[in-house]
Amino acid sequence: MARSWLRRGAAAVAVCGAVLTSVPPATATGGPVVPDTRIVGGRNADVRDVPWQVSLRSRDGHICGGSIIRADAVVTAAHCTVGAPPDSLSVQAGSSVRGSGGQIVPVARVLRHPKFNAATIDYDVAVLELASPLDFGAGVRAVPLLPEGREPITGTPATVTGWGATRDGGALPERLRRVDVPKLSDTYCKGAYGTSSITPRMTCYGYEGGRKDACQGDSGGPLVVDGYLAGIASWGTGCASPGHPGVYTKVSDPSIHAYITRS
Ligand code: ARG
């Protein structure tokens, strides 16, 4: 099984894009056609229901998700911005279809958390300043941040959205997808990945049995609790695999929260 966190490092973005665009769709393998809902448990989403969702693009297309926090700023994962020159990046907002429709605005500046560590994926947050403000309307609007220190309790339901793969190593869907996942305890999260791998800036969402999860290409995208941005899709071992839930950057962490609000 592919360990998504092996994508970390200088080539993270290039590797993600190259791998994801070169893999044939599941139905091209000649095997039985398995519905996506059995793989990551997702379903199609409409951007008007998650109007903060954007697709972060390099010259070659979609690389990651992101969330609108102001008309001229998007939050994403720091690892999404490694190895990609800022002038090659743009965001697509206001469309449910990857690479088509909506507004496409260039990124003017990438602000990566100064403590981001590509080896441990700690402090996995970046703010993208846009070259011009987005036009807010149906399908385009900012998401409020979960307040600092207000981390949801274990079991709290959350929704994660994106154009990431619908199975580990699979192709990217054209349509935006969503999946509901509850927050897991820190004890479970640390048991799954090792105590030292899970820092205070990280939190797990998903199921102990797997089946529902974010996947490659969802990184940087929103995990929303009650209309507030609570997490940023960051890493995981494989996708939706039992005992290996999704790991998200914790927006309520003081250092993460302060970095986003002061950028
Ligand atoms: N790191 C991957 C990316 O760049 C995927 C992150 C989410 N993985 C997961 N199993 N929840 O898109």
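With each label point set 7 Å from Cα along the Cα-Cβ vector, what nm distance links Asp72 and Ala118?
Placing both labels 7 Å along Cα→Cβ, they lie 3.0 nm apart.
In what order, largest first, do Arg262, Arg109, Arg59 sit by accessible area if the probe radius is 1.4 Å?
On the way: Arg262 195, Arg109 120, Arg59 175 Å².
Sorted descending by solvent-accessible area, the residues read Arg262, Arg59, Arg109.
Counting helices only, and only those DSSP H runs with n ≥ 4, report the 222 nm mean residue ellipticity of the chain as the sum of -39,500 (n - 2.57) divided by its residues, in deg cm²/dmol to the nearest 500. Before the final figure, lay out the partial values.
Numbers: 3 runs with 28 residues, N = 263.
It comes out at -3000 deg cm²/dmol, rounded to the nearest 500.
Order the following by accessible area, largest value first: Tyr123, Tyr188. Probe radius 1.4 Å; ligands, DNA and RNA are ignored. Write out the running numbers ahead of the final one.
Values: Tyr123 30, Tyr188 55 Å².
Ranked list, largest accessible area first: Tyr188, Tyr123.
Rounded if a/c is under 1.5, else prolate if a/b is larger than b/c, else oblate: which is segment 68-164, with a ≥ b ≥ c the root eigenvalues of its Cα gyration tensor?
On the way: a/c = 1.72, a/b = 1.15, b/c = 1.50.
In terms of gyration-tensor shape, oblate.
The values are calculated or read from the model by the stated rules, or taken from the named source; none is laboratory data. Note that the structure is a prediction, hence the values are computed from the model and not measured. Reconstructed Cβ throughout: ideal geometry from the backbone, glycine too, with neighbour counts over all protein chains shown. Surface areas here come from the heavy atoms of the whole protein model, side chains and all, with no ligands, DNA or RNA. Shrake-Rupley method; radii C 1.70, N 1.55, O 1.52, S 1.80 Å.
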